[in-house]
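Report on one structure; see the data block that follows.
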Amino acid sequence: MTITWRPFSNPLGWGLKRKLIVSMLLVGVVPLLLGLSMAFLQGSKEIQVVSGESFEALATEAARKLDLLVAEEVARTSRIATHPDIIRQLEHHRDLLHTADKTLSAAALTQQRTQWAARDPVAIKAITENRTALMLRGFYAGSQHESDLLLPQVVRAATKKLFITDVQGNLFAALTTIPSFSHSDSPWWTGAYNRGAGQLYIEDLHFDQQANTYVFSISIPIMDSLRYEVVGVLHRVIDAKEFFSPSTHPIRFGRTGHVMLIDSRGIVMSCPILPTGVQLSDPSLIPQVTGRQPGWVTAHSDGHGGQGTAIIGFATLPETSRATNGALENGAWHTFVWQSSDELFSPIRHLMTWMLILASVALFLLATLGYFAASRIVTPVRRLQEAARLIGRGELQEPIQIHTGDELEDLAVEFNRMHTQLEASFAGLNTEVEEKTQEVQYLQKATDQVLDAVPTPIVMVDQQGLVQYMNKASREAVQAENWSSRPLFDLLPIDEEHRQALRRDLRLVEDGIALTPPVHDRDLSPKPARDPLNQALGPVPAASRRELRIGPHLYQYEWFPLESRSGAGKRFGLVLRDTTDESRLQDQLIQAEKSGSLDVLTAGIGHELNNPLFGILGLGEAIQEECDLVRAKGYAQDIVGHGRKMAAIIRDFTGVATRESKSQRIPVDVTAQLEQALAIVQTSHECLGLNVQKHYVPVSPVTALPDQLRLAFINVLTNAIQAMNGQGNLWLTTEEQDDLITVKIRDNGPGIPKQHLGKVFDPFYTTKGQGEGSGLGLTVAQRLIKKFGGEIRMESPPEGQGTTCVITLPAEKAAVRKEEPCISS
């Protein structure tokens, strides 16, 4: 058949055509966006630099003009203050003050101040119409003929007060009645008078209540004819806005750009937008624009209440500061040049807008070209995709026809070749599949036969516990007919306790946790003898032993995971091993072990009682032959001691010692107990040819029970003397080192072969002949020494040189740390 392309939807992701178009767009968009971003950032930076330098130059030029304006007013006012007539009038007034009576002068001054405050016509006329006042009015009104003394019209309108004070700071001449009479406490008068030396003083911007406006003042001292001392002060109060606005307001650029004048506190002196007397809206901006050197800054606010990036140029009025020698009380005045950031950056924003429009057009063209190019590529690819699907279903009958003249056409040729080879390969595939299916069925049948032949019940379940397979043995054990797909836990005739244990073990196997070997696994190897009277070693509960009882049979079970097909879920196998006969054997072994333990207990009691019994017999015979009553009483006391020892041994073997409190242990002298043990052994054994060599050193006591410690020594000494047949050398040594007391008992008997040293403490082990030893003496000694936290070992040099028993015990100060639980011997 001929391949016809059908649109193929891909609901899970983008198609190849969309990916190609998006890739082409990204290739065009990313460089374009990077270029536009870099152009915008660079353009903004250059505009900031150019605008900032321009604003700095404009601020510097405006500062220079305002500087000249202030300097001219200072100079013009200074020329008025140096007029000869005014100086003569003030000198005459000063001389009158010096020659007049102080009391009368003070009274007259008080009266004149009171009359001026009350606006007395005589007092007002004396100050506003005297000769000096008339000269000031001429200067102010422009009637004076000296052109350098005339006040310009703008300055006259801005001048709110013009008056002269005498050498005492009192009003001498004024144009109006607005000024106060006494000014000796005013900062401007104090600064201008300067203790009679005089200096120019410019008062910073402030609000004048009398003039009801923001003003600054120029105070110039009037020196005497000799220029020696101050005879008065000329004071001018000028409206800041009216004075500076003609010079600052005409300087405008753009819609918002302008120049303003501020002082060092950030208070506006002249601004086309802000009123005079207000402070810049951003206090953090003030230190940035009030530096001593001209400059420009990029700030986050414009000082006019607007937020955002703002470029501000600034400059100080240097000539005013130098001419006045720092007379400004709060520093210098500064010009402030600003333009709205929206207006400032509008050119580059317009440029970016046009660039974005052109970029959008370019992207549209790029997307259109990408669509046509992707269609040219994707259409043949989708034809190949449809052909591959048909090949997979075995429905492709005609070769793929693609004529693009590129790699896609070569790929179509390879598809056709692959289709031809697949048809040849699939020709005999059906026959082979049938043969493999028959083989699988045969293997499955053989496996079922093998499992049915196995006498062990085997069950296979799925993850939900439903039975999938049961061999013949399991079907007979459970006696279930319709077992397929039924829950295993319902088929098994077991109680609820075993059913829960079976479920728990299955969950552990599902979680991948390896099960520990069951505690009931039968270990038929010999076990150490144990106390048959100890009920702590009772039977283990059946539910914890992974055992099941089904009818008369006892089974050991084990879960294991099975391999399963992909997506078919987990499968598990259950093996039931019949342990009925093994359990019966185990019970018989346990009973035999109990009987053997009783034999061990009986033999131990006989061995331990044998030694003191021999002592009692020997002492009894000695009493019969002894005529000395004192010595006979001594023998009787020894017989009583042996009897107590036998009672202690019986109490110990029957378990009474186990119940004794540890508080019954007392500090015991090791050397004394060793000596007593030696005396008892020598009494109960033939020791005529025995040579005892003692090497004792003072040692610390040990915490123990004296009778039991002495019994341990007796057993070791008995073993050594019996090894020498009562004849030979016996060395007894005590020493102490690092809180450990060591007792060494050495004989020169035949010794013990090295291969038997590890067995000497085993119960019933002996190297003596039949009937000569029970093999329990060293075993009991070892248990007693360990009971008190010590250790015992046997050392044997080359044969023929005897055996050394080394006993170590913790000293009393270390016994608390090393003490072990009491063990019944």
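The values are calculated or read from the model by the stated rules, or taken from the named source; none is laboratory data. Note that the structure is predicted; figures quoted are calculated from it, not measured. Cβ placement follows ideal geometry from the backbone for every residue including glycine, while neighbour counts extend to all protein chains displayed. For accessibility, only protein heavy atoms count, side chains too; no ligands or nucleic acids. Shrake-Rupley method; radii C 1.70, N 1.55, O 1.52, S 1.80 Å.
Placing a label point 7 Å from the Cα of F40 along the Cα-to-Cβ direction, the residues of region 349-367 with a backbone N closer than 12 Å are 349-357.
Calculated accessible area for region 202-356 comes out at 41 Å² per residue, all protein chains present (probe 1.4 Å; ligands, DNA, RNA ignored).
Note on region 53-188: with charges restricted to the Cβ of Lys and Arg (+1) and Asp and Glu (-1), its dipole about the Cα centre is near 520 debye. Distance between the 7 Å Cα→Cβ label points at D490 and T103: 13.7 nm. Residues H403, H695, ordered by accessible area of protein heavy atoms at a 1.4 angstrom probe radius and largest first, appear as H403, H695. Given a Förster distance of 60 angstrom, what is the FRET efficiency for L613 paired with T580, based on the Cβ-Cβ distance and rounded to 0.05? The computed FRET efficiency comes out at 0.75. Rolled with a 1.4 Å probe across the full set of protein chains, the surface gives L466 an accessible area near 50 Å².
Got a number for carbon plus sulfur as a percent of region 661-797's accessible area, 1.4 Å probe? Before the final figure, lay out the partial values.
Numbers: 3030 of 6460 Å².
Heavy-atom surface of region 661-797 belonging to carbon and sulfur, 1.4 Å probe: 47 percent.
Shown here for region 78-124: trypsin sites (Lys or Arg not before Pro) in loop regions (DSSP other than H, G, I, E, B) with at most 14 other Cβ atoms within 10 Å, namely R119.
Of the accessible area of region 335-486, computed with a 1.4 Å probe over protein heavy atoms only, carbon and sulfur atoms account for 57 percent.
If W483, W189 are ordered by their accessible area, calculated over protein heavy atoms with a 1.4 Å probe, which sequence runs from highest to lowest? Don't jump to the answer; show the numbers that get you there.
Numbers: W483 50, W189 20 Å².
Largest accessible area first, the list is W483, W189.
Ligands, DNA and RNA excluded, the heavy atoms of Y193 present near 60 Å² of accessible surface to a 1.4 Å solvent probe. For region 662-812, the solvent-accessible area works out to 46 Å² per residue, with a probe of 1.4 Å and every protein chain left in place. Summarising the amide proton neighbourhood of F163: residues at separation of 5 or more, or on other chains, whose placed amide H is nearer than 5 Å comprise H235. When the solvent-accessible area of region 119-253 is split by element, carbon and sulfur atoms take up 52 percent of it, the probe being 1.4 Å.
Add +1 for every Lys or Arg and -1 for every Asp or Glu among the other residues with Cβ under 11 Å from the Cβ of V231, and state the total. Surrounding charge for V231 is -2. Here the scattering of region 20-101 is modelled by Debye summation over its C-alpha atoms, one equal scatterer each and no solvent; at q = 0.14, 0.17, 0.24, 0.27 Å⁻¹ the log10 of I(q)/I(0) is -0.78, -0.87, -1.05, -1.12.
Which value, in debye to the nearest 20, gives the size of the charge dipole of region 368-448 about its Cα centre, when Lys and Arg are +1 and Asp and Glu are -1 at the Cβ? Write out the running numbers ahead of the final one.
Numbers: 8 positive and 14 negative charges, 71 e Å.
Here region 368-448 has a charge dipole of around 340 debye.
In region 181-276, a dipole from Cβ-located charges (positive for Lys and Arg, negative for Asp and Glu) runs towards its positive end, and of A240, G257, Q209 it is G257 whose Cα lies farthest in that direction.
Which value, in debye to the nearest 20, gives the size of the charge dipole of region 251-380 about its Cα centre, when Lys and Arg are +1 and Asp and Glu are -1 at the Cβ? Walk me through the numbers before you get to the answer.
Working: 7 positive and 7 negative charges, 78 e Å.
The dipole magnitude comes to about 380 debye.
What is the ratio of the Cα radius of gyration of region 395-515 to 2.2 N^0.38 Å, where N is its residue count, to two decimals?
Numbers: Rg = 26.7 Å, N = 121, 2.2 N^0.38 = 13.6 Å.
That works out to 1.96 for region 395-515.
When the P(r) is computed for region 217-337, the part past 23 Å accounts for 36% of the Cα-Cα pairs.
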